[in-house]
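In what follows, a structure is listed as structure tokens, so that the remarks can point back to it.
Where a number appears in this text, it was derived from the coordinates with a stated rule and is not lab data. The structure displayed is predicted, hence computed values, not measured ones. Using ideal geometry, Cβ is built from the backbone for each residue, glycine included, and neighbour counts are taken over all protein chains shown.
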């Protein structure tokens, strides 16, 4: 289940956004009425989506949107008056914030929410792939360090060290990483 935060200065705006989002069955919706409340809540809870109806009672909201978009692991959409939408968009678009002009056209809003959902899913996929690649790089570094230890202490060539690690991994039914850790434990302790 996804968690949604709605930040709106007025109760009327909060109810409108909540009802629109409820029709999309986007997840559990929490509402707050100020930027400071939103910051506090985001520090305590992970949200998937954050919708900010600007202006807020304690700030306009563009700084909140930019900071939450970079600090939180959430997609952020900001609703602002049509006259200032382009200006606000230019300030926050680098942070990955979607800006929707008010008054809200229902069909356009739903389309914008769908784009936000799609962008978030794509971003999560890229993050997952990034973590996977970083893990692979770390494994390669570890194996290379183990090869260096074998070359240094057992006078093996690079090919012999590589073959030794591969053979040990197959024979002992272990990963190359586990074999490399064992080698490093033996020779670098």
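For the chain, the alpha-carbon coordinates run over 75, 29, 28 Å along the three principal axes, in decreasing order. Calculated mean residue ellipticity at 222 nm for the chain: -20500 deg cm²/dmol, from DSSP H runs with n ≥ 4 weighted as -39500 (n - 2.57), summed, divided by the residue count and rounded to 500. Simple spin-label estimate for residue 70 and residue 152 gives 4.0 nm between the two label positions (7 Å along the Cα-to-Cβ direction from each Cα).
In this entry, segment 1-102 is assigned a mean projected area of 5.7 nm², taken as a quarter of its C-alpha convex hull surface. When the chain is treated as a Gaussian network with alpha carbon springs shorter than 10 Å, the biggest mean-square fluctuation among 107, 85, 65 belongs to 107. Take the chain, connect every pair of alpha-carbon atoms lying under 10 Å apart with a spring to form a Gaussian network, then pick out the residue of 89, 22, 34 with the largest mean-square fluctuation. Top of the fluctuation ranking is 22.
In percent, rounded to a whole number, the relative contact order of the chain is 14, using alpha-carbon pairs under 8 Å and six or more apart.
On full extension, the segment bounded by residue 108 and residue 58 gains 15.2 nm, given 0.36 nm per residue less the C-alpha separation. Between 115, 133, 56, find the one with the highest GNM mean-square fluctuation for the chain; connect C-alpha pairs within less than 10 Å. Of 115, 133, 56, the most mobile in the Gaussian network model is 133. Expressed as a fraction of 2.2 N^0.38 Å, the value expected for a compact globular protein of N residues, the C-alpha radius of gyration of segment 130-187 is 1.09. Compared with the direct C-alpha span, the chain from residue 139 to residue 159 gains 5.4 nm at full extension, assuming 0.36 nm per residue.
Segment residue 115..residue 178, full-extension length gain: 18.4 nm, with 0.36 nm per residue of separation and the alpha-carbon distance subtracted.
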